[in-house]
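Below: the structure, in structure tokens.
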Amino acid sequence: MLTMVSRSSDRISVFLFAVFLLVAFVVLAFAAGYGLGKILL
């Protein structure tokens, strides 16, 4: 039982880390696009 709980918590933490990386990548891409648009237009 304890191993299942720790395994699921590890899975959840990895999932949250992946979601955080995805959100950070999207925000950086949006900021870069916005900055380039401001410069070019």
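The values are calculated or read from the model by the stated rules, or taken from the named source; none is laboratory data. Just so you know, these numbers come straight off a predicted model, no measurement behind them. Here the Cβ is made from the backbone with ideal geometry for all residues, glycine too, and neighbour counts use every protein chain on show.
For beta carbons closer than 9 Å, sequence separation of 6+ or different chains, a first residue in segment 15-27 that is in a helix (DSSP H, G or I) and at pLDDT below 95 and a second that is loosely packed, with under 10 Cβ neighbours inside 10 Å and of a type outside the set (Phe, Trp, Tyr), there are no qualifying pairs. Surrounded by fewer than 10 Cβ atoms within 10 Å (Cβ to Cβ), modelled with pLDDT of 90 or more and more than 17 Å from the chain's Cα centre (by Cα): does that describe Leu36? Here the answer is no, as Leu36 does not meet what is asked.
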